[in-house]
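> Please read through the structure below; I'll follow up with questions.
Every read-out reported here was derived from the displayed coordinates using simple, explicitly stated rules and does not represent laboratory data. No experiment lies behind these values; they were computed from the predicted model shown. Virtual Cβ from ideal backbone geometry, glycine too; neighbours counted across all protein chains shown.
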Amino acid sequence: MKLRPHQLDAKSAILAKLDQGITSQLACLPTGCGKTYLATSISESFQRTLFIAHRQELIAQTVATVQRASPDRQIGYVVQGQHDIEAPFVVGMVQTLANRLHKIPPDWFDLIVIDECHHATAKTYRSVCDHFQPKLRLGISASPERSDGADLSHLFSEISFQMSLPEAIDSGYLVKPIARQLLTSCSLDGVRAMAGDLNERDLGVAVDIPERNSFIVQKFKEHASNRKAICFCVNIAHGRNLAAAFNAAGIKAESVAGDDPDCADKLARFAAGEFQVLASCMVLTKGYDCPSVDCVIMARPTKSRSLYCQQLGRGLRLFDGKADCLIMDFVDVASRHSLISAWRFFGYDAAPA
């Protein structure tokens with residue numbers, strides 16, 4: 001495994017902090033900058049590692065990364081139907097781990113890595129973290145901020161390394177984003193706020209309307225007709241309706257959601273280029289890697305900086321022949337809410353000309 005300079009810096013910082021006696025640490029790197037490779041490299045300094053994730057696709061992605069980095073390394077699983085903790089590198093689903101803590105000694109693992117660690121305030125994560133006594137607990141995340149303002153300091157003593165998205169772009173680890181502001185006449189003033197973001201039910205009613213969906217398709221044809229796009233939607237119905245609107249306009253599209261039994265097949269066909277637009281509801285914000293995507297359609301308004309960061313990151317990975325990624329920011333009338341947009345995310349007070 002050959003680490004990039006920022007990964008080497010992160011590894012050195014984490015191990016130096018451990019030498020100072022800091023046994024719970026947080027490392028923040030943008031999507032596409034090798035968080036799992038970093039964790040895999042660090043695990044080589046420990047006898048037994050547990051890598052914790054909360055979704056099956058994250059488990060699969062981690063295993064693929066470990067196998068690329070260390071083809072001979074034995075991998076164990078603590079997931080539904082499997083319980084192998086003898087391997088030097090174990091991947092575990094947090095829900096399964098929480099139900100099997102009585103089967104695993106607290107000091108069994110020397111290193112525990114928590115993927116997408118901003119989720120670690122949940123009860124299942126807390127029970128798992130409280131059970132184990134590793135030499136190092138390491139959280140990794142692209143966006144440690146939580147929309148509900150919950151604090152992670154009870155799990156992680158220090159942020160040992162942090163790289164911002166602009167830093168990653170400037171360093172050439174991600175492609176340049178080009179943001180386009182697209183103003184709609186849709187009002188969000190009737191949408192309530194809840195847990196630091198917009199109420200999903202209210203938001204779906206407000207934005208999943210034929211006029212706005214048609215406007216999104218129209219602007220895509222105008223500005224991104226030759227691009228491969230992920231479109232982030234509010235809910236399942238919104239995703240289906242937007243996919244139908246794209247197809248009606250002659251643009252091949254499909255929708256995917258977290259409980260979709262055909263999810264894996266759709267993602268594979270999208271990666272193969274069988275259709276141009278994939279409308280997503282709560283399934284592609286984490287653990288999804290399709291580097292050829294060069295357009296992100298922000299059809300879901302949000303107050304959450306972390307959610308926006310995760311969505312944005314889906315289009316910024318490097319790919320042969322890919323020069324940039326177009327971010328289509330659909331901005332609604334929202335006098336009651338302070339929403340995240342591309343220009344606010346990158347530190348502008350207003351959209352640049």
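> Note the full-extension length gain between ALA64 and PHE319 as 0.36 nm times their separation in residues minus their Cα-Cα distance, in nm to one decimal.
Value of the extension gain: 89.9 nm.
> Which of CYS129, ILE178, ILE209 sits closest to the plus end of the dipole of the chain, meaning its Cα is farthest towards the positive end, when Lys and Arg get +1 and Asp and Glu get -1 on the C-beta?
ILE178
> Something else: Distance cut-off 30 Å, Cα to Cα: go down the list LYS176/LYS252; LYS103/LYS135; LYS219/LYS322; LYS2/LYS123 and report the pairs above it.
LYS2/LYS123
> Report the charge-dipole magnitude of the chain in Debye, nearest 20, computed about the Cα centre from +1 at each Lys and Arg Cβ and -1 at each Asp and Glu Cβ.
200
> Cα axis of helix 56-69 to longest principal axis of the chain: angle in degrees, 0 to 90, nearest 10?
That works out to roughly 60 degrees.
> Show that you can apply the helix-only estimate: for the chain, add -39,500 (n - 2.57) for every DSSP H stretch of four or more residues, divide by all residues, and state [θ] at 222 nm to the nearest 500. Walk me through the intermediate numbers first.
Working: 12 runs with 116 residues, N = 353.
Mean residue ellipticity at 222 nm (helix-derived): -9500 deg cm²/dmol.
> Now a separate question. Order these peptides, 31-42, 64-75, 225-236, by their mean beta-carbon neighbour count within 10 angstrom, highest first. Each step should come with its number before you reach the end.
On the way: 31-42: 22.5, 64-75: 14.2, 225-236: 20.7.
The peptides rank, most packed first, as 31-42, 225-236, 64-75.
> Across every pair of different alpha-carbon atoms, what Kirkwood hydrodynamic radius in Å does segment 1-117 reach? Intermediate results must be reported in sequence, preceding the final value.
Details: mean 1/r = 0.0681 Å⁻¹.
Kirkwood radius, segment 1-117: 14.7 Å.
> Enter the Cα centre distance for the pair segment 252-269 and segment 302-332, rounded to the nearest angstrom.
When both Cα centres are located, 20 Å separates them.
> May I pose another question? In whole Å, what three semi-axes, largest first, describe the equivalent ellipsoid of the chain built from its Cα gyration tensor (square root of 5 times each eigenvalue)?
Working through the eigenvalues yields semi-axes of 36, 21, 21 Å.
> For SER338 and ASP72, what is the calculated FRET efficiency with R₀ set at 45 Å and r taken between the beta-carbons, to the nearest 0.05?
With R0 = 45 Å, the Cβ-Cβ based efficiency is 0.35.
> Here is a follow-up. With point charges of +1 on the Cβ of Lys and Arg and -1 on the Cβ of Asp and Glu, referenced to the Cα centre of segment 218-353, which listed residue (GLY321, CYS263, TYR348) lies farthest in the positive direction of the dipole?
Final value for the positive-end residue is TYR348.
> Could you calculate, for segment 164-315, the ratio of the Cα radius of gyration to the Kirkwood radius, expressed as Rg to Rh? If you can, show how the numbers build up before the last one.
Numbers: Rg = 15.0 Å, Rh = 15.9 Å.
Dividing the radius of gyration by the Kirkwood radius yields 0.94.
> Let me check I've understood the local charge: for VAL207, count other residues with C-beta under 13 angstrom from its C-beta, Lys and Arg +1, Asp and Glu -1. What total comes out?
Its environment carries a net charge of -3.
> Let me ask another. How much net charge surrounds ALA334 when only other residues with a Cβ under 15 Å from its Cβ are counted (Lys, Arg +1; Asp, Glu -1)? Kindly include the intermediate steps, with their values, before the conclusion.
Values: positive: ARG192, ARG212, ARG300, LYS303, ARG336, ARG344; negative: ASP189, ASP197, ASP202, ASP329, ASP332.
With Lys, Arg at +1 and Asp, Glu at -1, the neighbours total +1.
> Below 8 Å, C-alpha to C-alpha, sequence gap of six or more: please give me the relative contact order for segment 224-290 in percent.
Values: 90 pairs, mean separation 28.3, N = 67.
Value for segment 224-290: 42 percent.
> Now for a different question. Under a crude label model (7 Å from the Cα following the beta-carbon direction), how far is THR23 from LEU8 in nanometres?
Placing both labels 7 Å along Cα→Cβ, they lie 3.1 nm apart.
> Please work out the FRET efficiency for the pair ASP84 and SER45, using the Cβ-Cβ distance as r and a Förster radius of 25 Å; give the result to the nearest 0.05.
Working: r = 22 Å, r/R0 = 0.88.
According to the calculation, E is roughly 0.70.
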